[in-house]
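The values are calculated or read from the model by the stated rules, or taken from the named source; none is laboratory data. What you see is a predicted model; the values in this text were computed from it and never measured. All Cβ positions, even for glycine, are placed from backbone atoms using ideal geometry, and neighbour counts span all protein chains on display.
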Amino acid sequence: MTVWGEWVLSNLRRLGARFGVAWLVAAIGLLGIMLTIAGTVTAARTEYQRRFDDANAELKTEAFFLSDHASRLFEVAEVALSGASVLVHGLSWDEIAGSDALHRQLSGLVEGIPHIEDVWLNDQDGELRATSFAFPAPESNATDRENFKAARMPVDELFIGPRIVGKVTHRPTFLLSKRMENADHSLRGMASVTAGIDYFSNYWGGLALPYDARVTLSRVPTNEVLAQIPDTGLAQPAGLASRLVDLPRDGSFSGGEAGDERFGSFRRVGSYPIFLSVDVSKGAVTEAWRGWLFGMLPLPGFAIILLALLTVLAIRDARREQAARRSLARANDELTAEMQRRERAEDQVRQLQKIEAIGQLTGGIAHDFNNMLAVIVGSLNLIERRLQRGDTDVGRHVAAAQEGAQRAAALTQRLLAFARKQPLSPRVLDPGQFVTSMSEMLQRTLTEAIEIRAAIGPDLWTTHADPAQLENALLNLAVNARDAMPDGGRLIIETANADLSDADAAQRAGVPMGEYVTIAVTDTGTGMTADVVKRVFEPFFTTKGVGKGSGLGLSQVYGFVRQSGGHVRIDSEPGVGTSVRIYLPRYTGNDAAAGQRRLSSQEALPVARPSEVVLLVEDEAEVRRLSLESLQELGYTVVAVDRASAALDIVSSEQRIDLLVTDIVMPGMNGRQLADKARELRPNLKVLYMTGYTRDAVAQGGFLGPDIRLIGKPFTIEQLAAGIRAALDEDGPR
């Protein structure tokens, strides 16, 4: 109860105690009458305004949907015009005029497209050369007609003519024409079609329009009416013409003489010079309001009679309500506390699930790293023992240790790529090797109850794609397959060539023609219905429970594949399983191994030129020592420091420095800040950055631009030699 209501009741109680119950009842009755009258007037005014507001909103909605319906006819007409242009492509006008086969094709075109009645083709001189309704075409010239004058203008737009009555069908139609051009964009001729007005009138007549609604289809700038229901002499609604001068997208209008005022909404039909309007009379809305008012008036009389009784009952009910509210508040507090306890418990469960997932992932990674470390440590032990006894035949053990270290570095880079969304960085890939390399990691990512099989096709083509994003896509598909097999099952990853150069084969596969490399991920899970399959690539659509899926996995797969020029096809059957097939374009370049070759230990390394000096900045002592010895091995004079401040002291001195090699992440001043300050002192100083993060991750962190020279840790002496030489040999500072 409001403060005002409580004040009224309090004063009424005091008056009742002073003047008696009879006066109190009289006062309540009088007050009730005044309030009822005031409420009735307010309700009537509110209802009056609401009905006009609702009418405006309904007219706007009707205009929107009816304009959308109308635009389909114009789109169909453009299809018919385009079809006619295709049929005569490459034919001379004499061949067009003399072709009975073309006449039959035009007739078939009209029969195949609903609501299109006739097709005409005029040459550049306006002569009628072919029609869908007569062969040979009757003699006629259109040079003096409005549509041909428009076709002469070098503008590729649809001309929409006035309402006419068909000579053959005797039904109201209107003309639509479009310019046909030669290869040099000169006028070749004009294609025209007629569309039946009954497309609009039949549809409009079946609608339940509000009040005495009138629907009108007008053409600008002439403001001619093409169609109207109910037909009021094909007159444009008053007040509409002035609103259409600037060709707005939509709007409202009103007009008419006193006693016959109408208002409505209009909307442009597509991008055509056509507007659809829906209007009603103010009198119809007012009459409906009056009917509501007369039906409502008996209620205030009953309200006055019952008011005294209701007042007494209200006081009693108010007391009961207060007690009920107090009880409800207590129950609500208890329910809120229970919900909070449940949310805390759910948060704990989710946290445990996250910890379990992280534990499963880290366990698999630890297993892989232990294998790699076993190779490295074992190889180094064997090298040490053989060298101690003077045996220098340690080449294969060195190679094994290097391979283990390279596999560990690749795994680290893969994990960093998983952790960040990166722009595509495509490389030439062998799909068979790629899937084989991922199988072990997928086995550790999924549960042991799921068997993973890799079926690698023979003589696979290469493709050009971002390996990190392809890994992410396959991981998403594998996780979805895992969720579809809660009790375990089989996951098959197949690779094969797909030559879809034949149109029928491409149509059966559901992708455009071409040569593709396919990667199919198939599971034996629960499968999906056809309705679900239609929506699986929609962002945020998921069939998983709340908190178990974002709905972005498959949409990301779809986006990556489409961005790579490929396609995705999904087949699923409930109770059988799901197969997702990725089609990536075949790579036909000559540099199939581009970007993948590395220097062998037998090849000559790029070494230092006489007197070249490198300033090395690295805070990790062991990394600094190894980098120093590697640079010295390559013949460079090296000045090594462990912090940025010491490096700036050297830069500000007379010491010769040809290249600054710096780590990015360091205590205090980072590598980019160091390079900026160093270039203030030496503007032409060249810089090579070192980092253990991926290039794109560093760029997103704000440290580096995408064109900065960077070498990732860990690096081999070959990679270091190539990076140093490239940085020194490029033109200008970077």
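For first residues located in region 203-219 and within 17 Å of Thr286 (Cβ to Cβ) and assigned by TED's automatic domain parsing to the domain that holds Ala284, partners that are among the hydroxyl-bearing types (Ser, Thr, Tyr) and buried (at least 17 other Cβ atoms within 10 Å of the Cβ) and lie 6+ apart or on another chain with Cβ distances below 6 Å form the pairs Asp212/Ser281. Residues of region 453-466 that are buried (at least 18 other Cβ atoms within 10 Å of the Cβ) and closer than 19 Å to Glu494 by Cβ: Leu460, Trp461, Thr462, Thr463, Ala465. With respect to the conditions (1) modelled with pLDDT under 85; (2) farther than 30 Å from Thr131 by Cα, Lys167 lacks only one, and its number is (2).
Among the residues making up region 197-228, a single one is farther than 16 Å from Val269 by Cβ and in a strand (DSSP E or B): Arg214. Would you check if there is a residue in region 253-260 being surrounded by fewer than 18 Cβ atoms within 10 Å (Cβ to Cβ), in contact with a strand residue (DSSP E or B) (Cβ under 6 Å, 6 or more places away or on another chain) and not charged (D, E, K, R)? Yes.
Restricting attention to region 556-587 and to residues that are under 11 Å from Thr522 (Cβ atoms) and surrounded by fewer than 17 Cβ atoms within 10 Å (Cβ to Cβ), the residue that is nearest to the chain's Cα centre (by Cα) turns out to be Asp571.
Looking across region 681-734, the residues that are modelled with pLDDT of 85 or more and surrounded by 19 or more Cβ atoms within 10 Å (Cβ to Cβ) come down to Lys686, Val687, Leu688, Tyr689, Met690, Leu720, Ala721, Gly723, Ile724, Ala727.
Just to be sure I understand, how many residues within region 90-128 are part of a strand (DSSP E or B) and polar (S, T, N, Q)? Of the residues in region 90-128, 1 are part of a strand (DSSP E or B) and polar (S, T, N, Q).
In this structure, does Glu62 turn out to be in the same structural domain as Arg214 (by TED's automatic domain parsing), at pLDDT below 90 and either touching an Asp or Glu at 6+ places or on another chain (Cβ under 9 Å) or not polar (S, T, N, Q) (or both)? Considered against the rule, which asks whether it is in the same structural domain as Arg214 (by TED's automatic domain parsing), at pLDDT below 90 and either touching an Asp or Glu at 6+ places or on another chain (Cβ under 9 Å) or not polar (S, T, N, Q) (or both), Glu62 comes out as no. None of Asp642, Asp663 is touching a residue at least 24 places away in the same chain (Cβ under 8 Å), touching a helix residue (DSSP H, G or I) at 6+ places or on another chain (Cβ under 6 Å) and of a type in the set (Asp, Glu) except Asp663. Of all residues in region 129-155, those satisfying the criterion of being over 13 Å from Gly189 (Cβ atoms), assigned to a loop (DSSP other than H, G, I, E, B) and not hydrophobic (A, V, I, L, M, F, W, C) are Ser132, Pro136, Pro138, Glu139, Ser140, Asp144, Arg145, Pro154.
Every condition in (1) modelled with pLDDT under 90; (2) buried (at least 16 other Cβ atoms within 10 Å of the Cβ); (3) of a type in the set (Val, Ile, Thr) holds for Ile650 except the one numbered (1). Residues in region 221-235 that are touching a residue at least 12 places away in the same chain (Cβ under 8 Å) and surrounded by fewer than 18 Cβ atoms within 10 Å (Cβ to Cβ): Pro221, Thr222, Asn223, Glu224, Pro230, Thr232, Leu234. With respect to (1) out of contact with any helix residue (DSSP H, G or I) (no Cβ under 6 Å at 6 or more places or on another chain); (2) at pLDDT 90 or above; (3) of a type outside the set (Val, Ile, Thr), the lone exception for Asp523 is condition (1). The residues in region 428-457 that are at pLDDT 85 or above and either not in a helix (DSSP H, G or I) or not polar (S, T, N, Q) (or both) can be counted, and the count is 15. For region 447-486, the tally of residues that are over 22 Å from Asn497 (Cα atoms) and acidic (Asp, Glu) stands at 3. When you check Arg407 against the structure, is it within 28 Å of Gly589 (Cβ to Cβ), at pLDDT 75 or above and either touching a strand residue (DSSP E or B) at 6+ places or on another chain (Cβ under 7 Å) or surrounded by fewer than 18 Cβ atoms within 10 Å (Cβ to Cβ) (or both), yes or no? Criteria not met by Arg407.
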